[in-house]
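I have placed the structure first, in the form of structure tokens, so that the comments after it can refer back to it.
The values are calculated or read from the model by the stated rules, or taken from the named source; none is laboratory data. Quick caveat, the model's predicted, so the values are computed rather than measured. Heads up, the Cβs are rebuilt from the backbone with ideal geometry, glycines too, and the neighbour counts pull from every protein chain shown. Accessible surface is based on the protein model in full, side chains and every heavy atom, while ligands, DNA and RNA are left aside. Shrake-Rupley method; radii C 1.70, N 1.55, O 1.52, S 1.80 Å.
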Amino acid sequence: MAISNTTNPALNALGGFGASAATSAGTGAKAAANAGKAAATGADASKLGATQSAQEQSDRFLKLLVAQMSNQDPLNPMDSAQVTSQMAQISTVQGVQTLNKTVSGLDNQFTQLQTMQGAALVGHDVATDGNALRVDADTHKGEGGFEIDSPATSVNVEILNASGAVVGSVKMGPQGAGSHAFDFDVPHDAQGQKLTFRVNALNNAAPLDAKSFAFNSISAVSSANGKLAVELDDGRKVDYADVRAFY
């Protein structure tokens, strides 16, 4: 009795166990009788493609195995090693499915725990990718940061208004590789505006890549699609993994 199921390699291999019996039978009557016995055991090959769980696969596999053994050629029985191998494969499928459910449950618990811990970060300052200058409404002092991968002989930070015009600059001189922060006193005619900054770092005459980052305060923490996100005081929401630093 040959059985084909493209969704289950273990059941496909099972079809080969009874090949000698089918060959020795040699007549359509014998094949029909075998099919009838298989149906009596509950083995319905037409439903194999609808298998959705490892338990269902295991139950149907055992029914097919019993049907095969009931109709095998007594003079050429199945190889017990092959039967054992197929049963081991079914057990492996069950084990993997159980493990997947366990890992999924642990992942959900971890996300919930991370969200609870993240709530303690509300009110803290963070550094994220961006070039917005944070300005204190009382002191009118702005601040930002940047990172360079190699030492610079000179660093000049330009402060820009909404139209892109330069309203001031911060000359920082030589700076080593790594992260750096700067302060800027916003002039009276630029106060109340949304300001950004641009970092110009040089190694002698060669320009260096500089990654700018903005400072913000965390106003809330949320979780969506299994990921933790922090909501910032400027309205942005960024993934927890994208936060450069906490203060």
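Per-structure values
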read-out	value
Hits in the range 126-160 (condition: open to solvent by 30 Å² or more (accessible area, probe 1.4 Å) and touching a Lys or Arg at 6+ places or on another chain (Cβ under 9 Å))	129, 131, 132, 135, 143, 147, 149, 154, 156, 158
Boolean, residue 195 is touching an Asp or Glu at 6+ places or on another chain (Cβ under 9 Å), closer than 24 Å to residue 238 by Cα and modelled with pLDDT of 95 or more	no
Strands (runs of 3 or more DSSP E) wholly inside the range 75-161 containing at least 1 residues that are at pLDDT 95 or above and over 29 Å from the mean Cα position of the chain (by Cα)	141-148, 152-160
